[in-house]
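Here's the structure, in structure tokens; my notes come after.
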Amino acid sequence: MGVSPFFRTIFQSHLFLGYLCYIVFMMLYCSVKRWPKLLKFYSYHKRIFLPVQDKGAQDDSSDPLLEEKDVFNFFFKRENRQQATDSVQQVLRKRGYKKTAYCGQVTSEEKIFYEKEKFSIFGSHFVHLAVAVLLLAGIITAWGGRFYDFYILEGETIPLKGTQALLTLEKFAVIPSATKERADEYASRLRINRPGKPIEWQTLKVNSPLRIDGVRLYQQRFNFNIDELRIAIFHENKDQPVTVLTMGINRRVVVPELNIALEVSDFLPDFYFDEKGQPSTRSHILRNPAGHLLIYSPANSSSLNQEQWIFRGGMPHAKSKDASERLIYKMDGVRSRYASGIKYARNPGEFLTYLGLILLVAGSFLSSYKFYRGLIVTIKNDISGITSSVSIRSMKCKNIFSLEKEVDEMVGKLNQMMEGL
């Protein structure tokens, strides 16, 4: 719907952009307001080890991290306490868990908090913030940006809008492809002249934009323009031409002495017949130039009398109705120039666009591939001086299936390492 002219007018209107500004303001406001809660969520482990009387006052029953689940319990001899603790730490570290909080021995009980993928809790916030930044970049670009296409001929100098630079196309080059699978490559050699500064030369290529004073230039396309060409008309078996005409493309020229009119309707720089038998060109280099010549007889006639392809040098001849001898047409003196098609882009919201895309990728990665996990390891003496136990409780995880798989593997490894303790 957005590509139709009607809706494009709506999207570019000040009313729509103003409404978009309101949406962006609300999204940014919500993002800023959410930071304290996210930081509190990020530092949750500090509240796990609060004394019971203080913890109850700060608990939030709606906090998903408060939901815990027993995943491992193991009893061992008291003298093996250090070995059991080291085994737990070794298994958790191999799984990427890091010890982020520790509560010393209180009433024969020791608690250690391990966390993994802690930063992932900001994933959805980054995505939300990225959308707001991208919309803001679009607003800035819609109000302050400028985009258009222009052509510049070889040797032509034009002012680059929005800057003090003068742009001159010194040379345009087409590099024919060695294989048919690839298109021809082409580039513009530009001279940039700024008042009071040294002259600068730059090469603008396809897929390699050029930045000049906050403006980006993109090589888009090109035209092959024929400024003029000369056609000599000979009578058959005569060395001296009847006349030599200076012509252009699609310009009709009258030859009074022969009572005919000529017009070159098309020009091919490198003439050949394609697989369908149609005239075409292999490249845009003047290797085998040919012009499609239209012949009108008498000169004031609007009906086409004859047509033929003429080439540089002698080619098949045609017979005029008003001439008893055959006529030979020779083309020479082709003067051509390339015109480079360039896209002008001034995008003041470009930096914000890149920032928004970076945030979007980072947020999507954190939300889709990284999931916060927390484990509480408790080591305590069950019967003083005789046995001890170690237990592991897991915090609620967004990806419960992955957590259960990881826990099963860790429990199996722990049971194997702590067997006989």
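The values are calculated or read from the model by the stated rules, or taken from the named source; none is laboratory data. Nothing here was measured: the structure is a model prediction, and the numbers come from that model. Cβ atoms come from the backbone with ideal geometry, glycine included; neighbour counts cover every protein chain shown.
See the values below:
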{"read-out": "Members of segment 91-119 that are surrounded by fewer than 13 Cβ atoms within 10 Å (Cβ to Cβ) and closer than 20 Å to V411 by Cβ", "value": "R93, K94, G96, K98"}
{"read-out": "Leading residue by the ranking (farthest from F75 (Cα to Cα)) among those in segment 379-421 that are part of a loop (DSSP other than H, G, I, E, B), of a type outside the set (K, R) and under 48 Å from the mean Cα position of the chain (by Cα)", "value": "N399"}
{"read-out": "Some residue of segment 120-141 being surrounded by 19 or more Cβ atoms within 10 Å (Cβ to Cβ), assigned to a strand (DSSP E or B) and either at pLDDT below 85 or of a type in the set (A, V, I, L, M, F, W, C) (or both)", "value": "no"}
{"read-out": "Elements of type helices (runs of 4 or more DSSP H) contained in segment 26-103, each with 3 or more residues being modelled with pLDDT of 80 or more", "value": "81-94"}
{"read-out": "Tally of residues being acidic (D, E) and touching a His at 6+ places or on another chain (Cβ under 9 Å) across segment 369-398", "value": "0"}
{"read-out": "Scan of segment 192-237 for residues that are among the small types (G, A, S) and more than 24 Å from N347 (Cβ to Cβ), ordered by number", "value": "G196, A232"}
{"read-out": "Check on K380, without any contact (Cβ under 8 Å) to a residue 60 or more places away in the chain and either surrounded by 14 or more Cβ atoms within 10 Å (Cβ to Cβ) or among the basic types (K, R) (or both)", "value": "no"}
{"read-out": "Residues of segment 201-216 satisfying the condition of being over 11 Å from A187 (Cβ atoms), without any contact (Cβ under 8 Å) to a residue 60 or more places away in the chain and assigned to a strand (DSSP E or B)", "value": "W201, R211, I212"}
{"read-out": "Among the residues listed as T387, T378, T353, the single one being among the β-branched types (V, I, T) and at pLDDT below 85", "value": "T387"}
{"read-out": "Whichever residue in segment 327-341 is of a type outside the set (S, T, N, Q) and touching a Phe, Trp or Tyr at 6+ places or on another chain (Cβ under 6 Å) and, among such residues, is farthest from L210 (Cα to Cα)", "value": "I328"}
{"read-out": "Whichever residue in segment 265-288 is without any contact (Cβ under 8 Å) to a residue 24 or more places away in the chain and in contact with a Leu (Cβ under 9 Å, 6 or more places away or on another chain) and, among such residues, is nearest to I231 (Cα to Cα)", "value": "D270"}
{"read-out": "Residue within segment 209-225 that is on the phi > 0 side of the Ramachandran plot and not assigned by TED's automatic domain parsing to the domain that holds D266 present", "value": "yes"}
{"read-out": "S303, sole failed condition from (1) assigned to a loop (DSSP other than H, G, I, E, B); (2) surrounded by 14 or more Cβ atoms within 10 Å (Cβ to Cβ)", "value": "(2)"}
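Residue by residue, here is whether (1) among the hydrophobic types (A, V, I, L, M, F, W, C); (2) under 15 Å from G333 (Cβ atoms); (3) part of a loop (DSSP other than H, G, I, E, B); (4) touching a strand residue (DSSP E or B) at 6+ places or on another chain (Cβ under 9 Å) holds:
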{"position": "F222", "(1), (2), (3), (4)": "yes, no, no, yes"}
{"position": "I226", "(1), (2), (3), (4)": "yes, yes, no, yes"}
{"position": "R230", "(1), (2), (3), (4)": "no, yes, no, yes"}
{"position": "F234", "(1), (2), (3), (4)": "yes, no, no, yes"}
{"position": "Q240", "(1), (2), (3), (4)": "no, no, yes, yes"}
{"position": "T246", "(1), (2), (3), (4)": "no, yes, no, yes"}
{"position": "V254", "(1), (2), (3), (4)": "yes, no, no, yes"}
{"position": "S265", "(1), (2), (3), (4)": "no, no, no, yes"}
{"position": "K276", "(1), (2), (3), (4)": "no, no, yes, no"}
